[in-house]
Amino acid sequence: MIIGLFGHALCSPRSRAPTSSRRGQTSAAAEARAIAAEITACDELGCADPPYAFAAEVLAVAPDLRVGLVHARLRDGPATDGLDLMLRRYRARCEEAQ
């Protein structure tokens, strides 16, 4: 939820990111950090169900590689867990803000 609000702020006309494309990239990077943290936290807390279908892939790599893996998944991966819809909404908000 908080990262979603952060995405709104990044797409604001007052954002320091120079273009809607750059604001969208910044939002995706922030979302990747949040998703990696959520997956890690869920694993550490022993959640019964992983928060994302690709959580096992993320947990299989070294912690310092997790954000990059999630970011690549957001950018290139198959449409799962509603992430493709979320990114489309970020892009649309950023384009509207311009």
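Taken over segment 45-74, residues that are within 15 Å of Ala34 (Cα to Cα), surrounded by fewer than 12 Cβ atoms within 10 Å (Cβ to Cβ) and of a type in the set (D, E, K, R) amount to 1. Based on what the data block shows, is Ala79 modelled with pLDDT of 70 or more and either surrounded by fewer than 19 Cβ atoms within 10 Å (Cβ to Cβ) or not acidic (Asp, Glu) (or both)? Judged against the criteria, Ala79 is a match.
Among all residues of segment 19-30, there is none that is of a type in the set (Ser, Thr, Tyr), at pLDDT 90 or above and in contact with a helix residue (DSSP H, G or I) (Cβ under 9 Å, 6 or more places away or on another chain). Just a yes or no: is a residue in segment 72-81 under 12 Å from the mean Cα position of the chain (by Cα), in contact (Cβ under 8 Å) with a residue 60 or more places away in the chain and in a helix (DSSP H, G or I)? Among the residues of segment 72-81, not one is under 12 Å from the mean Cα position of the chain (by Cα), in contact (Cβ under 8 Å) with a residue 60 or more places away in the chain and in a helix (DSSP H, G or I), which makes the answer no.
The values are calculated or read from the model by the stated rules, or taken from the named source; none is laboratory data. Keep in mind the model is a prediction, meaning the values are calculated, not measured. For neighbour counting, all protein chains shown are included, and Cβ atoms are generated from backbone atoms with ideal geometry for every residue, glycine included.
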